[in-house]
Every structure is written in C-alpha cells, then in structure tokens.
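A.B. asks: Structure in structure tokens, see below.
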Amino acid sequence: MAKKLDPIDIAAQQRAREQAEVEQAFLKGMTTLRDLIAPSSLEIHSSHFRLGTKYGRTIYVYGYPRQIYTGWLSTIINMDEVLDMSMFIYPVESQVVLDNLRKKVTQMEASLSINTEKGRTRDPGLQAAIQDAEELRDQIQVGSERFFRYGLYITLYADSMDELGFVQHKVETIFGQQLVFSKVASSQQEQGLNSTIPQMSDQLQIRRNMNTGAISTSFPFTSADLTQEKGILYGVNMHNNGLVIFDRFSLENANMVVFAKSGAGKSFTVKLEALRSMMVGIDVVIIDPENEYQKLADAVGGSYIRLSLSSDTRINPFDLPRVIDSDEADDALRANLITLHGLLRLMLGGAQQTAQGVIMAALTPAEEADLDQALIDTYARVGITSDPLTHNSTPPTISDLYDTLLHMGGTGPALAQRLRKYTSGTFAGIFSQQSNIDINNNMVVFNIRDLEDELRPVAMYIVLSHIWNITRTDQKKRMLIVDEAWQLMKYDDSANFLFSLAKRARKYQLGLTTITQDVEDFMGSKMGRAIVANSSMQLLLKQSSSAVDVLSDVFKLTEEEKKRLANFPVGQGLFFAGQNHVHMQIIASQTEQGLVTTGAPLPVAPQPPQTDNSGV
C-alpha cells in the first residue's frame, strides 16, 4: 500500500533541492586561487609548449667533463633571459656505492688486462676511469665524500619561436664551452615544465652520479661579476638578488658618469655612494649647483662653502699647487698658465658665432700671445718664476693681471677693459682676491646656486682648478662629484679641462663622478664622449625617449635594455663596471634615507625584527 507523503516533508525536500542548486551556482561563480594563478591556456608540443602568450622549452643536462670548476653555472644564472632552473639531489648509501665501485673497478681492470695480453693500444680513458674510481672509493671509505644522484633541468621562455631558438642556442653555447652537454626533453615537455616549477616534482628523472665536490660546484649561490671582496654597497642585482659590492678604485680608473632624467634618483644615488665611501676613509668633494648636498654635509660635519657675489668666500685662480715631486714642481707654473688660458677665454666670452654661422675663437692670435706674456709677467712681478723654490710666494690675482694688461702695449689695454668686470665691475671680489677657504675636511661642498648664470661656468671651472691643485698637493683617496656637468660641456675650454681631470685623476688617487640629465648635449660633445670613455663605471637610470637612442649607441645596449631604460622606476638602472653590467636596484637603510633624501624616497632596506625583552 502506497504511503501518502506529508506536505511538510515535501516542502522540506523542495527547499533542500533549491538550496543545493543555489550553492552549486554560487561555487561555480567563485574564483579560486588556482584560477588566479593559472595561465589562460597551455599547449604542449613535442619540443616546446605555449603558456598563455609565452613560448617555453625544457632542456636537461646529461653530460659533464671529467673535472668541473666552481661557479660554472654562474654565467647561466646571470643571463639576461627569462628561465627557470631546478636541481634535484638524491643521496645514495655509501655502502651501496662502495659495493658497486668495487665491482666496476674489477670489470675495468679485467678489461685492461685483456687489452694488454692481446697487445692492443693503451686506452687512456679506461686508465683515467680506474684512477678516478679508486680515488672515490678511498674518499668515501674515510667519509670525506658522499655520493649523490643529480638532475639539472632548465626551462627557457620567449615571446616567439625564433627568440626561443636563439635563447636555447645561447645556453647550449655557454654549456658547450665548458664541455657540459644538454638536450631538449623531446615528447616530455609537460614533465619538463612540471620539473622546473616550484612543486618539488622530478618527473623527468634524468640523473647523473656525482660526489660531494662535484655537486658543490653547481650550487647557485653566486652573485654577478660586479661583486668584490671589499668596497661599498651600490645596490641589489635584479638578475639574481645578489649584492653589488664594488671598490671603484680597483678599476683602471676610478671615474664614474651618471646619466638620468630629472627625478630618476641620480642625486640620491650619488649622495648614498658618497656617504658610504666616507665610511671607508675616502674624502668627498662636491660641486653643487642646486643646493642639494647641504643636509648631507651638515649631517657628517662637512664644510659647506657658499659661493655668491655677496658672500665672503674667495678663490684665487692664480694659486699654485704645493707639489713635492720635483718633476711635477717644474711643470706646476706651466700647467697653471695653461689652465688660466682656458679660464680667461671663458671669462672673456668663450666663443662667438659669426653671421655666416661659423664658430670663431673669442681671442685672436695676437690677443692670445699678449695674454700669455701678461700672465708670465704677472707671476714674475710677485717673484714667481719657473723655479720651484719661488712657488711658495704669495700668488698674484686677476687684479694684478688687469694692471699688467693695462700698462702693456699691443692688445693689452683692450683685454684689460674686457676683464674689468671681474676686477672692479659687476663680478668683482669673488675671484679677484686671495683665497680664504680650506678644504681640509672629509666632505667639502661648493654651492654655486646663488651665482648668476653667466658666472656659473666660470665658477665651476675655477673651483675645479682649485680642487685639482689641492689634489696634487695632498694625495689621498678622494671622490670629486660634479653635478649638472652639462653646464661645463657647453664651452670648449671648460669641457677640455674636465676631460683632462678625468684622464689624469687616477695618478692622484682621485675618482671623478660626472652627473648630468642633459644626455644629448653631453654626448653630442666630443669631450663628453671622451669623458665617458675615460670612466670605468657608468650608471644609467631612467632616461627620456630621445636619450635612450643616444645611450644605446654608445653603450651597445640590447633591445630589451633599451626598452627597460625608458621605463625604469625610480632608483633602478643599469650599472656598468669595466666590461660587465647588471640591472641594479639602489636601496638605502632608514638612517641613510633620512640623510640623503631631498625628493621622492627610494626603496628602504628591510630592518631586522625588534626583540621584546620586557617579558610582557
């Protein structure tokens, strides 16, 4: 007899069905973590796979040379390509290895005996294998070595099949140079992909016997080639998260150029380098055209020298270096005369453009000759001659040169009139009296922000000359930082002087740092390119699109590096040292951040966790 259902039960079952349907619909609409991290598609082919829009290929290493050296994988790890690498290491019981080695040695010795009895040619490979096996048996027996099974797989990624083939050829070439042989995981690309993603699954299972010493050479704890035992921290290598620690004075010269657009972090980077250099005993001298270094100078107890027409600071361009070397002393006056020639050409007008568009020298040959004689006579009037013993006398000033020109024949009086604005005219005082500054401090900053635009290049030239004289007098490790160097490159004489500093700096333990944001003008100058060529270190931060092409031509950048250079975030750039370069992130501690920040802050190094010892 059929049982009649209670209406209440029917309603409950209906509600349960509806609730299950709602839950099922809700779960279908949820986005799981797997949905978020999974690629849009995955196509597996026999020799490659396609992961979304990227192409990939897994290769495995199957052959190694008899001897392999530490760091043989560093070149692959530091490649500027996208790749995943996995290593699988399986320990093997020592007793099992000893038993197998004993059998293997017995077989090889038997083969060797048979070859000898039959008069066959000696087999060097067989003899080497016996020798290696016996050495390994001894080392395993005493516990100095362990035995392992080792698998090495690499998955390469690219945007196209042609690029993928190029990357594979690049990797195989590097391996082949070291007699390491690799193959594509044919018909096993899915297993190869699973073996190189971080899920600890060795699905290829292609392994090679290795002892402890051989495996230790392959460990990927390697930094880029730009890491040294000593030096200062410049940043973090973005290729492998290694530290870029470098001593600029270990290179063939200690010069450095920094190119960046405004706001890219160039001043932050240079101030950070200056601060860290002071900690290892290097003095720092800075020419600051924008008042960016006062906070740092005050923090480290440095000297901050403000140059302006209203200040009491005086620098005499006629000062001579107090050199000890007899050969240098003989040439000190002559070298300063040449420097003064360039300065006076700058002060008297630099260069002029004719109606035909031809650049003409501001001084005629006759004026050059009269100026040269006037300089020699001006020094002679105060008792300074080519004899080094007279160089301790009080040097003359521009006012003395004005008097000499005024009372000599030829073009002298006309030159004196053109020079008068620096002696008794608008620009009088700052460079026409005896020097009253002392740069005997670990950090000295010359601020020229308050000088008129016309006087700035002259001031930078005179300050550089003064620093150069001090450098030759008291030789020790120094950094000279010239900010906004493009202002000097606008004039041939000041550009030539900056180049001569770059060329001769190493002899006097000086490292010149040249900073500019006007890349086109700087690199468009013959002297600008020469300064770059005489700088062993270069730092390229974010650039404008027009500057990227210029720098790409000079530094031979790849297409990928060109693309990055225009899109670097603040504080990232390409760091060159010698023949090598890396993609680097400049990073500072919180304390350093507070000392050197004037604009947008750069990344701060993570601080160690604080331990609460209160017991609460």
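A.B. asks: For the stretch 104-126, name all the residues that are among the hydrophobic types (A, V, I, L, M, F, W, C) and farther than 17 Å from residue 137 by Cα.
C.D. replies: Start the filter on the stretch 104-126 by keeping residues that are among the hydrophobic types (A, V, I, L, M, F, W, C), which leaves 105, 108, 110, 112, 114, 126.
Answer for the stretch 104-126, where residues must be among the hydrophobic types (A, V, I, L, M, F, W, C) and farther than 17 Å from residue 137 by Cα: 110, 112, 114.
A.B. asks: Could you tell me which numbered condition residue 147 fails, if it satisfies all but one of (1) closer than 30 Å to residue 190 by Cβ; (2) touching a residue at least 60 places away in the same chain (Cβ under 8 Å); (3) surrounded by 13 or more Cβ atoms within 10 Å (Cβ to Cβ)?
C.D. replies: Failed condition: (1).
A.B. asks: For the stretch 61-78, check the following and say yes or no: at least one residue is more than 24 Å from residue 206 (Cα to Cα) and not acidic (Asp, Glu). Talk me through it step by step, then tell me what you get.
C.D. replies: If we filter the stretch 61-78 for residues that are more than 24 Å from residue 206 (Cα to Cα), which is where we start, we get 78.
Of the ones still in play, those that are also not acidic (Asp, Glu) are 78.
Checked the stretch 61-78: at least one residue is more than 24 Å from residue 206 (Cα to Cα) and not acidic (Asp, Glu).
A.B. asks: So which residues in the stretch 548-592 are touching a helix residue (DSSP H, G or I) at 6+ places or on another chain (Cβ under 7 Å), β-branched (Val, Ile, Thr) and not in a loop (DSSP other than H, G, I, E, B), if there are any at all?
C.D. replies: 548, 550, 554
A.B. asks: What is the one condition in (1) loosely packed, with under 15 Cβ neighbours inside 10 Å; (2) at pLDDT 85 or above that residue 107 does not satisfy?
C.D. replies: That leaves (2) as the condition not met.
A.B. asks: Let me ask something else. Just the residues that are over 19 Å from residue 550 (Cα atoms) and either assigned by TED's automatic domain parsing to the domain that holds residue 339 or within 22 Å of the chain's Cα centre (by Cα) (or both), please, taken from the stretch 499-530.
C.D. replies: Step one: list which residues in the stretch 499-530 are over 19 Å from residue 550 (Cα atoms), which gives 499-513.
If the condition is that a residue be over 19 Å from residue 550 (Cα atoms) and either assigned by TED's automatic domain parsing to the domain that holds residue 339 or within 22 Å of the chain's Cα centre (by Cα) (or both), then 499, 501, 502, 503, 505, 506, 509, 510, 511, 512, 513 are the ones that fit.
A.B. asks: Taking residue 140 as the residue in question, decide whether it is more than 31 Å from the chain's Cα centre (by Cα) and at pLDDT below 90.
C.D. replies: On the way: more than 31 Å from the chain's Cα centre (by Cα): yes; at pLDDT below 90: yes.
Answer is yes for this residue.
A.B. asks: Looking at the stretch 271-295, which of its residues are part of a helix (DSSP H, G or I) and either within 24 Å of residue 230 (Cα to Cα) or at pLDDT below 85 (or both)?
C.D. replies: Filtering the stretch 271-295 down to residues part of a helix (DSSP H, G or I) leaves 271-279, 294-295.
Listed by number, the residues that qualify are 271, 272, 273, 274, 275, 276, 277, 278, 279.
A.B. asks: Does residue 268 qualify as being more than 17 Å from residue 508 (Cα to Cα), in contact (Cβ under 8 Å) with a residue 40 or more places away in the chain and either assigned to a helix (DSSP H, G or I) or out of contact with any Phe, Trp or Tyr (no Cβ under 9 Å at 6 or more places or on another chain) (or both)? Steps first, please.
C.D. replies: Numbers: more than 17 Å from residue 508 (Cα to Cα): yes; in contact (Cβ under 8 Å) with a residue 40 or more places away in the chain: yes; either assigned to a helix (DSSP H, G or I) or out of contact with any Phe, Trp or Tyr (no Cβ under 9 Å at 6 or more places or on another chain) (or both): yes.
Taking the combined requirement at face value, the residue satisfies it.
A.B. asks: Ok, one more. Can you name the helices (runs of 4 or more DSSP H) wholly within the stretch 120-198 that have at least 3 residues being in contact with an Asp or Glu (Cβ under 6 Å, 6 or more places away or on another chain)? Write out each step before concluding.
C.D. replies: Numbers: elements: 124-141, 161-177, 189-196.
The helices (runs of 4 or more DSSP H) meeting that bar number zero.
A.B. asks: Looking only at the stretch 90-104, which residues are touching a Gly at 6+ places or on another chain (Cβ under 9 Å) and either assigned to a loop (DSSP other than H, G, I, E, B) or surrounded by 14 or more Cβ atoms within 10 Å (Cβ to Cβ) (or both)? Step through it out loud before you land on a result.
C.D. replies: Step one: filter the stretch 90-104 for residues touching a Gly at 6+ places or on another chain (Cβ under 9 Å), giving 90, 94.
94, the sole residue that qualifies.
A.B. asks: Restricting attention to helices (runs of 4 or more DSSP H) lying wholly within the stretch 444-505, give those where 3 or more residues are surrounded by fewer than 23 Cβ atoms within 10 Å (Cβ to Cβ).
C.D. replies: On the way: elements: 456-473, 486-489, 492-504.
By residue number, 456-473, 492-504.
The values are calculated or read from the model by the stated rules, or taken from the named source; none is laboratory data. Here the structure is a predicted model, which is why all the values come from computation and not from measurement. Note that each Cβ is placed from the backbone with ideal geometry, even for glycine, and that neighbours are counted across all protein chains shown.
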